[in-house]
Every structure is written in structure tokens, then in C-alpha cells.
1. What are the pairs, 6+ residues apart or on separate chains, where a residue within the stretch 130-146 that is closer than 14 Å to residue 107 by Cβ has its Cβ under 6 Å from a residue that is in a loop (DSSP other than H, G, I, E, B)?
2. Name the single residue that is surrounded by the fewest Cβ atoms within 10 Å (Cβ to Cβ) among those in the stretch 87-101 being among the small types (Gly, Ala, Ser) and either outside any helix (DSSP H, G or I) or in contact with a Ser or Thr (Cβ under 7 Å, 6 or more places away or on another chain) (or both).
3. Taking only the stretch 109-157 into account, find how many residues are among the acidic types (Asp, Glu) and under 16 Å from residue 13 (Cβ atoms).
4. Contact list please: Cβ distance under 6 Å, first residue in the stretch 38-67 and within 14 Å of residue 94 (Cα to Cα), second residue of a type in the set (D, E, K, R) and part of a helix (DSSP H, G or I), pairs at least six apart or on different chains.
5. Just a yes or no: is a residue in the stretch 132-153 in contact with a helix residue (DSSP H, G or I) (Cβ under 7 Å, 6 or more places away or on another chain), assigned to a strand (DSSP E or B) and not hydrophobic (A, V, I, L, M, F, W, C)?
6. Quick one: which residue in 140, 122 is modelled with pLDDT of 95 or more and more than 11 Å from the chain's Cα centre (by Cα)?
7. Might you let me know whether the stretch 120-127 holds any residue that is in contact with a His (Cβ under 9 Å, 6 or more places away or on another chain), hydroxyl-bearing (Ser, Thr, Tyr) and assigned to a strand (DSSP E or B)?
Amino acid sequence: MEAKNPTETPLVCVIELEGGLLSKSNFRRGGSGSEWRRQRGFENEVAMAARLARPRNWPRGDGEIGVAERWGYAVLIVANTMIDTANMAKSITDALEGVLYLNDASVRACVSIGIRQRDEQRATILVGALKPGSGWKQAREMSEYLLARYAELHGET
């Protein structure tokens, strides 16, 4: 299946992470200061990888306008991990705040696919920018595009 372009010029950021993902949920259930530092370190690692992968013309959004009028984003996360998909999505979308978008309120669609695996943990994150005013149809089309791009990147077409 070939990646179909849902917009005139798709803006996509592809981030590859090696190693295990961390979950904020586990920290909230009684985490210590050292666990919080570990979580912050993970978020900083994700943010740095996103900065390096971010296209030059990436639209981060304008905080002076309402969320509905800003750029929106579709996020795809595919990971070999032991973390459940909901916690994986929250940890990643929070880590991308301020780097790929102002805050996660601009995330219009998020697809998380987790393959339960202890060994060789890694994640691929694709974020697609949606023009201001995009609705559910554009978010769905971008999500489908990101899934197809993932398949192409990993030789699964």
C-alpha cells in the first residue's frame, strides 16, 4: 500500500527511538524523585530527537490564537515495548510539547500500536501537521497516510 498524500504538501516528522519507553502513569502511582528525574530524562531525549528530525518549515503553532484556529497534528506511535498503548501515547505526546506543537491540545488524532516485547525495545513516531481548520476527515486521512509511511519506512508495504 503506497502512502497517499492527504494534503497538498504533507509535513511529516519521523522520529526513531532506541531503548525502552517510560510511562508517566507508573510514576504517578507512587514514584520517587529519582523516578521523576528518569521520566524527565526520557522526555528530554524524545524532545531532542524531535528537534533533530523536525523539518525546517515545521509549523509549531501560535499561542496567541485559539486551539481551534491553530495547526493540528496527527501522531502515530509504533513501539516494541511493555508499556500499554494509552500510557505510551501520553508519555510521547507530552514530551513533544513545545517542540512539535505548543501543547497536546493541538493533537487531533493519535494512533498507538504496541507490540509487547521485552527485548530490542524501540519506537517509531510519525507526526503529521494538519492545516488550521482541518476536521476529523483530514485527521483520519493524515493518520492513514502516517500508517502507510510507517509501512514504507519499515519495508512492510
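The values are calculated or read from the model by the stated rules, or taken from the named source; none is laboratory data. In this text the structure is predicted, and so the values were computed from the model without any measurement. Every residue, glycine as well, gets a Cβ built from its backbone with ideal geometry; the counts of neighbours run over all protein chains shown.
1. 142/6
2. Per the criteria, the residue is 98.
3. Qualifying residue count for the region: 1.
4. none
5. Here is the first cut: in the stretch 132-153, the ones in contact with a helix residue (DSSP H, G or I) (Cβ under 7 Å, 6 or more places away or on another chain) are 132.
Applying the additional criterion that residues be assigned to a strand (DSSP E or B) yields none.
The answer is no; no qualifying residue exists.
6. Working: 122 fails: modelled with pLDDT of 95 or more.
Unique residue meeting the criteria: 140.
7. Yes, because at least one residue in the stretch 120-127 is in contact with a His (Cβ under 9 Å, 6 or more places away or on another chain), hydroxyl-bearing (Ser, Thr, Tyr) and assigned to a strand (DSSP E or B).
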